[in-house]
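J.: Next up is a structure, given as structure tokens.
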Amino acid sequence: MPMSFMKKYMLVPALFFLTILVFSLANAAVIKTVPEKKILIADGVTEYKVFVHVDNTGLDGEPTDAVQWKLLNTPGFEFTDVSKPEYNDFFEGLQMFWEMILPAGHMSARIVTEIPGGPVNDQGDLAVYTFKVPQSATPGIYSFDLNNILLLDPSGVHQPVTEENIQFSVCPIPQESGSMSTSILDKVLGSKLISKPISSVYAECPTRTSAATIGKV
């Protein structure tokens, strides 16, 4: 009986810590990479876009005055451009104190003026990156990555934030025969860590007979 009581007693701090952790994650902003399309063809020509998106609706009405981030070119693609969003801008309509949006691999940041302050219970894009997938890219499931993430409230206090990275498929150029060589795919995919079964990658890779569906989500 005493031992059983001690075990229950020792569980109390652990349960308390878990409750605090879950609560803090629930009351946090979200920043994520969102590819414009979920199926990308490795032709080295087509330009695709990925958005850095932020959502501060989880901060219970606390405004976000500044966001800092760095987009990592984890898949090793060829980036050609970066710009502010033309629409769905997280800071749309607000006067900016300072902002610098640099290419992938470099730190970027956007800061609003003190008055009227940053967005409240809002979401939108911070930047749009344009890139091409080289023909040498290995078919499979990919995602981009972020680091140096920082969100600040009007007092300069760090805001809690979680990171998400939406996955997408990279497929080879459709073969003339209308089907891809699974033996080749097996070889190149076998050496990569994929979060989906290889069969689903085949299913998501369009063939010439379904060329109209290429790149559609």
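The values are calculated or read from the model by the stated rules, or taken from the named source; none is laboratory data. Since the model is a prediction, treat every value here as computed from it, not as a measurement. Here the Cβ positions follow ideal geometry from the backbone for every residue, glycine too, while neighbour counts run over all protein chains shown.
J.: Of all the residues that make up region 23-47, how many are part of a strand (DSSP E or B), within 17 Å of the chain's Cα centre (by Cα) and surrounded by fewer than 20 Cβ atoms within 10 Å (Cβ to Cβ)?
T.: Step one: filter region 23-47 for residues part of a strand (DSSP E or B), giving 29-35, 39-41, 47.
Filter once more, keeping what is within 17 Å of the chain's Cα centre (by Cα): 29-35, 39-40.
Checking which are surrounded by fewer than 20 Cβ atoms within 10 Å (Cβ to Cβ) leaves us with 30, 32, 34, 39.
Here the count works out to 4.
J.: Being of a type in the set (Asp, Glu), surrounded by fewer than 18 Cβ atoms within 10 Å (Cβ to Cβ) and assigned to a strand (DSSP E or B) is the requirement here; does GLU114 meet it?
T.: Numbers: of a type in the set (Asp, Glu): yes; surrounded by fewer than 18 Cβ atoms within 10 Å (Cβ to Cβ): yes; assigned to a strand (DSSP E or B): no.
Criteria not met by GLU114.
J.: Which one of the conditions (1) surrounded by fewer than 13 Cβ atoms within 10 Å (Cβ to Cβ); (2) at pLDDT below 95 does ASN88 fail to meet, given that it meets all the rest?
T.: Result: ASN88 fails condition (2) only.
J.: Oh, and also: Return only the number of the condition from (1) touching a residue at least 40 places away in the same chain (Cβ under 8 Å); (2) farther than 24 Å from PHE168 by Cα; (3) assigned to a loop (DSSP other than H, G, I, E, B) that GLY93 does not satisfy.
T.: (1)
Residue-wise test of (1) basic (Lys, Arg); (2) under 12 Å from VAL52 (Cα atoms).
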position	(1), (2)
MET96	no, no
MET107	no, no
ARG110	yes, no
GLU114	no, no
ASN121	no, no
TYR129	no, yes
GLN135	no, no
THR138	no, no
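J.: Something else about it: Return the residues of region 43-77 that are small (Gly, Ala, Ser) and farther than 12 Å from PHE131 by Cβ; say none if nothing qualifies. Break it down stepwise before answering.
T.: Our first condition is that a residue be small (Gly, Ala, Ser); within region 43-77, this holds for 44, 58, 61, 66, 76.
GLY58, GLY61, ALA66, listed by residue number.
J.: Another question, if that's okay. I'm checking my understanding of the structure. Among residues of region 56-87 that are in a strand (DSSP E or B) and under 20 Å from GLU114 (Cα atoms), which one is farthest from the chain's Cα centre (by Cα)? Let's see the steps before the verdict.
T.: At the first step, the residues of region 56-87 found to be in a strand (DSSP E or B) are 66-72, 78-83.
Checking which are under 20 Å from GLU114 (Cα atoms) leaves us with 66-68.
Values: ALA66: 19, VAL67: 15, GLN68: 14 Å.
If we take residues in region 56-87 being in a strand (DSSP E or B) and under 20 Å from GLU114 (Cα atoms), then ALA66 is farthest from the chain's Cα centre (by Cα).
J.: Sticking with this one: Does LEU150 satisfy the condition of being touching a Phe, Trp or Tyr at 6+ places or on another chain (Cβ under 9 Å) and modelled with pLDDT under 65?
T.: Working: touching a Phe, Trp or Tyr at 6+ places or on another chain (Cβ under 9 Å): yes; modelled with pLDDT under 65: no.
Spelling it out, it is not the case that LEU150 is touching a Phe, Trp or Tyr at 6+ places or on another chain (Cβ under 9 Å) and modelled with pLDDT under 65.
J.: Of all residues in region 93-121, count the ones that are more than 28 Å from GLN135 (Cα to Cα), modelled with pLDDT of 95 or more and of a type outside the set (A, V, I, L, M, F, W, C).
T.: Residues in region 93-121 being more than 28 Å from GLN135 (Cα to Cα), modelled with pLDDT of 95 or more and of a type outside the set (A, V, I, L, M, F, W, C): 6 in total.
J.: Still on this model: Could we say that VAL133 is surrounded by 18 or more Cβ atoms within 10 Å (Cβ to Cβ) and closer than 19 Å to THR33 by Cα here?
T.: Working: surrounded by 18 or more Cβ atoms within 10 Å (Cβ to Cβ): yes; closer than 19 Å to THR33 by Cα: yes.
Against the criterion (surrounded by 18 or more Cβ atoms within 10 Å (Cβ to Cβ) and closer than 19 Å to THR33 by Cα), VAL133 qualifies.
J.: Could we say that ILE101 is closer than 12 Å to ASP65 by Cβ and of a type in the set (Val, Ile, Thr) here? Give the derivation first.
T.: On the way: closer than 12 Å to ASP65 by Cβ: no; of a type in the set (Val, Ile, Thr): yes.
Judged against the criteria, ILE101 is not a match.
J.: So, one more: Determine whether region 153-172 contains at least one residue that is of a type in the set (A, V, I, L, M, F, W, C), more than 18 Å from ASP60 (Cβ to Cβ), in contact (Cβ under 8 Å) with a residue 40 or more places away in the chain and not in a strand (DSSP E or B).
T.: Of region 153-172, the ones of a type in the set (A, V, I, L, M, F, W, C) are 157, 161, 166, 168, 170-171.
Retained after the next criterion (residues that are more than 18 Å from ASP60 (Cβ to Cβ)): 166, 168, 170-171.
Now drop any that are not in contact (Cβ under 8 Å) with a residue 40 or more places away in the chain, which leaves 166, 168, 170-171.
Restricting the remaining residues to those that are not in a strand (DSSP E or B) gives 166.
Yes: region 153-172 contains one or more residues that are of a type in the set (A, V, I, L, M, F, W, C), more than 18 Å from ASP60 (Cβ to Cβ), in contact (Cβ under 8 Å) with a residue 40 or more places away in the chain and not in a strand (DSSP E or B).
J.: Of the numbered conditions (1) assigned to a loop (DSSP other than H, G, I, E, B); (2) of a type in the set (Asp, Glu); (3) at pLDDT 95 or above, GLU176 fails exactly one; give the number of that condition.
T.: (3)
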